Structures are given as C-alpha cells and as structure tokens.
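To keep things clear, I will list the structure first and then write my remarks on it.
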Amino acid sequence: MIAGRAGAGSEMSADLQHGVVFPALADGRRSTAALGRAVVAEALRPVDPAGALAAEQETNWRSGYVVHFRRLVEAGLPSKDAALSIARTGLESLHRRMRLVQPSGDETGLGELLSVSASRSVATVEMSGTGQAEGELSLPYHGDRLRGDALLRRLDSWVTDGVMEPSCAEALRTVVAHPEWLRLPDQTIAVLGAGAEIGPLPSLLRWGARLAAVDLPRPAIWERVLGTARHSAGTLLVPVTDGAITGRGTADDRLVAQHAGADLIAEVPAAADWLTALPGPLVLGNYVYADGGTNVRVSVAVDALTKRVQAARDDLALAFLATPTDVFAVPADAVTHSTRAYASRSVTAKVLGRPLRTMSAGRLLRRAYVPGVDPGVNDSLVPQQGPNYALAKRLQRWRAAVARGAGATVSLNVAPPTRTRSVLRNRALAAAYAGAHRFGVEVFEPATCNVLMAALLVHDLHTGGGPAQAHPWQDEAHAAVHGGLWRTAYAPRSALGLAALLGYGAARP
C-alpha cells in the first residue's frame with residue numbers, strides 16, 4: 001500500500017478525462033493541489049478555524065501539505081465529536097467538489113452516481129478452486145513457514161521489538177486458536193483492487209473463502225487473479241460483460257480474462273449494481289491504488305460506490321488497509337516504548353546525534369514524542385509520496401470512522417511498511433526502506449504482509465470489527481502493524497534521510 005510516485009504533478013489536463021475527475025479551475029485546468037487544499041481547509045473549519053486558514057493560505061501544497069494533514073489528526077483529538085466532524089465534513093467536501101464527466105463530455109456533480117443507471121450490464125462467472133483449504137494460520141517469513149508455537153513466538157518477538165501493537169498480536173493469537181474462522185463461511189468478500197500486491201485475495205482464497213473480485217479490465221491482471229483462484233480452495237466471482245460468456249465455471253481462463261473487470265473511475269453504477277446483487281452478507285474491501293492524482297479519482301469513485309451499495313443493502317461491512325506512512329494518534333504505551341528506546345540508544349548514537357541535530361536546525365534525529373504525552377501523535381508522513389496519496393488514504397480513514405460511528409462493522413488496520421513494487425520503483429523510498437532496520441523499523445515482504453492483514457480482517461469480521469473504543473483514534477490504533485514506526489526512538493521523518501543514505505547501496509538494482 002505504500003506509494004511510489006503518488007504525488008507526481010499538481011495539475012491535470014482537462015482533455016481525455018471522463019468518469020470521476022477533479023473540478024476545473026477558471027482556466028480549464030483540473031488542479032489536484034487546489035482540490036486538496038480546499039478539502040483539508042473545509043474539514044478543519046468547524047473545529048479548527050486557524051488551521052483551516054493556514055491550509056487555505058499554503059502556497060506550496062506539494063511539500064507543505066504534511067503540516068496540515070497532521071493538524072487534521074490533532075484537531076480531532078479533543079473529542080469523538082470533533083474527529084467525526086472532520087471526517088464527515090471532509091467527505092462531504094470531496095463529494096461536493098469532485099465532478100463526473102460522461103464520455104459525451106457532459107459534466108455533472110458526483111451525486112449523480114448514487115442513482116444514475118449503469119451504462120452496461122454485468123454478469124458473473126463463478127470459479128471454484130481445486131486446492132485443499134488450509135486448516136490453520138501459517139505465515140511465510142524469511143524463507144520459512146511459521147505455524148503453531150513458532151508463529152506465536154514470532155508474534156511475541158514483534159511485540160517486544162515494537163513492530164506491532166500488543167492488541168494486534170492478541171487478535172492474531174485468537175485467529176490461531178480458531179482456524180475454523182479462516183473460511184469466512186456464509187460471507188462474500190468483495191475485493192476492490194483484486195490484483196493489489198498486499199491485498200487479501202490470495203490468502204482468503206487459500207483458506208476457502210468466497211470472493212468477488214473487481215479490478216481494471218486488463219487481461220494480464222485477470223490471468224494472474226484467475227490462476228490464483230484455480231489453484232486455491234476458494235470460490236471467485238468474476239464480473240464480465242453480460243452475454244460475453246455462457247456457462248458457470250467452465251469457460252477458459254483466457255476468455256474470461258478478456259471480458260472481466262470494470263474501470264471504477266468510469267463505471268461506478270455498473271460495479272455497484274453487480275455488487276448489490278451478490279449473495280451476502282457482503283464485505284466491501286477497498287484495496288485500490290493508482291499513481292498521482294488518479295489515486296484520488298479512484299478513491300473518490302470507490303467512496304461513491306460504497307455510498308450507493310450502502311443505500312441498497314443493510315448487511316454491508318467495510319474493510320480497508322491504512323498506510324503506516326501517515327499521521328496517527330498512538331497510545332501511551334507506544335510513547336513509553338519510544339521514550340525508553342531514545343534514552344537507551346548507544347553512546348555512538350548519542351555522540352553523533354547532537355551535532356547532527358545542531359547542524360540541521362533540529363530536523364535530524366529528533367525524539368519521537370514528548371515523554372509522558374497521552375496520546376502521542378506519530379507523524380510518519382513521507383513527503384515524497386505526495387499530497388494525492390495522503391488525501392486518498394485519509395479519505396478511507398474518514399469513511400471508516402463515519403461508517404463505524406453509524407453502527408456498521410468496519411475493519412481498518414494499519415499495514416506495515418512493505419517492499420511493494422510501487423515502493424521499489426522510487427529510489428529514495430527504496431533506499432530508506434533498505435536502511436530502516438538501523439532505526440528499529442522492520443520492512444515486510446509482500447507475502448508476509450498479505451497473510452497478516454488477511455488474518456486481521458478475518459478476526460474483525462468474526463468480532464464485529466473488534467472491541468468498541470471511545471474515540472476514532474483508538475479504533476485506528478487498535479491492532480496496528482506499523483513495523484516499528486510508532487515505537488522507534490526518533491521521529492520517523494527526522495531519520496528518513498539517514499536511513500536512505502545508509503540503505504542506498506542495498507537498494508540499488
């Protein structure tokens with residue numbers, strides 16, 4: 001889920017765009033920066049007018065956005081009502097500002113997606129795997145496959161090392177103790193972004209679940225997804241153009257791949273109608289990702305789809321993966337762990353840290369938290385990822401908070417830093433990840449992350465979204481696998497440059 005070039009460009013051409021698009025300025029440009037600045041300011045205004053004004057007046061949104069995204073979290077801390085106000089207002093602002101352009105060129109408000117008829121009809125190909133369902137939770141890790149006591153010991157080590165929150169290890173221990181949960185009987189899990197590298201599709205299929213897959217209509221994606229399904233123990237429901245394929249489960253995979261998928265930016269009604277008709281209870285899992293401003297467009301499209309499906313059925317649960325490179329409020333225990341790590345750093349680190357902080361005007365190797373603060377605020381935003389990535393991920397957190405506040409079952413878990421292809425395409429991020437272990441941060445392989453996060457989803461769906469919390473920040477912090485970013489001695493961004501310098505050699509192709 002970690003972006004590579006997520007923030008590239010602050011303006012988009014008005015040409016050749018249809019579906020969900022950014023609003024046009026007076027000169028016809030569709031500015032991602034103008035949209036982000038306006039949404040953040042509007043979200044802050046009811047609870048933090050000064051913060052709203054600062055966001056509105058930010059002249060360099062591309063690099064200055066990090067301050068304002070932190071303020072979105074801090075302004076919500078005084079009360080649950082403040083946090084939910086920010087979330088609701090931010091979502092309303094996005095839906096009011098973003099636009100819908102038809103292939104004909106006609107432009108309307110985004111609200112039309114809630115009721116407009118689909119431009120095509122979508123049928124279902126059902127595919128049953130031929131494999132044997134796994135009967136217990138097992139985790140690929142460093143070339144081994146951990147299960148039973150070995151897996152439990154690894155969870156204990158991760159807690160001790162500050163890689164995951166204790167509540168995460170407890171949730172995973174519960175899944176280990178209830179292997180019958182893995183099949184998710186009598187539920188349909190819709191995976192939006194079915195081909196996502198750390199999405200749950202491979203693990204859930206391996207455990208025997210029933211999945212509905214949605215991804216772009218690109219045969220290469222679908223050949224890979226269908227191949228995974230064929231060798232699994234699960235059932236895969238595939239959306240295809242109505243009338244293109246007849247029969248159930250007998251069509252050639254290559255033929256299915258040619259007709260499968262939906263472009264969510266342009267086909268919200270068709271995808272929503274297909275999902276609404278699926279057997280339930282239904283879990284709508286959002287794992288979409290794209291580069292640059294397209295990430296915001298597809299994320300807003302998925303949110304519009306979510307609203308449409310929510311209006312049509314009352315058995316809908318929502319699932320998301322939160323990125324660790326964001327701003328989160330964290331519990332006092334994490335602050336204490338970080339404070340101890342800072343106090344016990346090596347003599348060499350102490351000797352070198354002082355001049356580095358002085359020469360950098362305090363920007364390098366700063367302690368992560370003021371000792372004793374409760375909750376702490378962990379700011380792991382990575383400027384290279386850009387404001388578009390930050391807005392797309394914050395949108396998901398807002399939707400999760402609002403849905404949970406309305407009584408829906410929601411699974412939102414912080415996923416660890418992971419060596420995805422999108423990260424490795426960005427040399428600076430790849431280098432920082434290669435050197436992160438020197439600062440107490442563990443970066444995960446996609447296969448390990450995939451299983452961990454799928455298991456947490458299973459836990460949440462069997463426990464109604466986990467324990468009830470008093471404040472949305474506590475929901476977000478529960479069962480987080482942050483890789484150590486919340487408990488490291490240093491404020492993550494103050495160590496990022498040094499981590500990249502130390503990891504540059506290891507990150508080279």
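The values are calculated or read from the model by the stated rules, or taken from the named source; none is laboratory data. Since the model is a prediction, treat every value here as computed from it, not as a measurement. In this analysis, Cβ positions are derived from the backbone assuming ideal geometry, glycine residues included, and neighbour counts consider all displayed protein chains.
Overview of values
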quantity	calculated
Subset tally (residues that are assigned to a helix (DSSP H, G or I) and modelled with pLDDT under 95) for the range 27-61	0
Within the range 159-175, tally of residues that are part of a helix (DSSP H, G or I) and buried (at least 19 other Cβ atoms within 10 Å of the Cβ)	5
Qualifying residues in the range 1-26 (those that are modelled with pLDDT of 50 or more and part of a loop (DSSP other than H, G, I, E, B)) - the one nearest to GLU267 (Cα to Cα)	HIS18
ARG183 being closer than 23 Å to SER411 by Cβ, surrounded by 18 or more Cβ atoms within 10 Å (Cβ to Cβ) and at pLDDT 95 or above	yes
Qualifying residue in the range 139-152 (condition: under 25 Å from the mean Cα position of the chain (by Cα) and in a loop (DSSP other than H, G, I, E, B))	yes
Residue within the range 118-136 that is modelled with pLDDT of 95 or more, closer than 24 Å to ALA436 by Cα and outside any strand (DSSP E or B) present	no
Matching residues in the range 297-309 - criterion: being in contact with a strand residue (DSSP E or B) (Cβ under 9 Å, 6 or more places away or on another chain) and touching a residue at least 60 places away in the same chain (Cβ under 8 Å)	ARG297, VAL298, SER299, VAL300, ALA301, VAL302, ASP303, ALA304, LEU305, THR306
LEU216 vs. criteria touching a Leu at 6+ places or on another chain (Cβ under 7 Å), modelled with pLDDT of 95 or more and under 26 Å from ALA317 (Cβ atoms)	no
Test: residue in the range 397-406 that is under 26 Å from ALA500 (Cα atoms), small (Gly, Ala, Ser) and surrounded by fewer than 24 Cβ atoms within 10 Å (Cβ to Cβ)	no
Filter result for TYR389 (among the aromatic types (Phe, Trp, Tyr), within 29 Å of ASN60 (Cα to Cα) and either surrounded by fewer than 24 Cβ atoms within 10 Å (Cβ to Cβ) or within 13 Å of the chain's Cα centre (by Cα) (or both))	yes
Single residue of the range 344-395 satisfying the filter (touching a strand residue (DSSP E or B) at 6+ places or on another chain (Cβ under 9 Å) and among the polar types (S, T, N, Q)) that is nearest to ALA499 (Cα to Cα)	SER380
Qualifying residue in the range 288-298 (condition: among the small types (Gly, Ala, Ser), assigned to a helix (DSSP H, G or I) and crowded, with 23+ Cβ neighbours inside 10 Å)	yes
Some residue of the range 485-492 being part of a helix (DSSP H, G or I) and touching a Lys or Arg at 6+ places or on another chain (Cβ under 9 Å)	no
The range 430-476 - residue that is in a helix (DSSP H, G or I) and of a type in the set (Asp, Glu) and, of those, farthest from ALA495 (Cα to Cα)	ASP460
Qualifying residues in the range 62-80 (those that are assigned to a helix (DSSP H, G or I) and either of a type in the set (Ser, Thr, Tyr) or not assigned by TED's automatic domain parsing to the domain that holds ALA41 (or both)) - the one surrounded by the most Cβ atoms within 10 Å (Cβ to Cβ)	TYR65
Qualifying residue in the range 327-340 (condition: among the hydroxyl-bearing types (Ser, Thr, Tyr), touching a helix residue (DSSP H, G or I) at 6+ places or on another chain (Cβ under 9 Å) and at pLDDT 95 or above)	no
Helices (runs of 4 or more DSSP H) fully within the range 315-429 counting 1 or more residues that are farther than 18 Å from VAL73 by Cβ and without any contact (Cβ under 8 Å) to a residue 12 or more places away in the chain	332-343, 347-359
Residue match in the range 184-200 (condition: part of a helix (DSSP H, G or I), at negative phi and touching a residue at least 40 places away in the same chain (Cβ under 8 Å))	no
Residue check for LEU113: touching a residue at least 60 places away in the same chain (Cβ under 8 Å) and not assigned by TED's automatic domain parsing to the domain that holds MET453	yes
First in the range 257-278 and in the same structural domain as ALA244 (by TED's automatic domain parsing), second anywhere and part of a helix (DSSP H, G or I) and of a type in the set (D, E, K, R), Cβ under 6 Å, 6 or more apart	ALA257/GLU223; ILE265/ARG297; ALA272/ARG308
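Condition check ((1) surrounded by fewer than 19 Cβ atoms within 10 Å (Cβ to Cβ); (2) out of contact with any Ser or Thr (no Cβ under 8 Å at 6 or more places or on another chain); (3) polar (S, T, N, Q)) across all residues:
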| position | (1), (2), (3) |
| --- | --- |
| HIS178 | yes, yes, no |
| VAL191 | no, yes, no |
| GLY199 | no, yes, no |
| ARG206 | no, no, no |
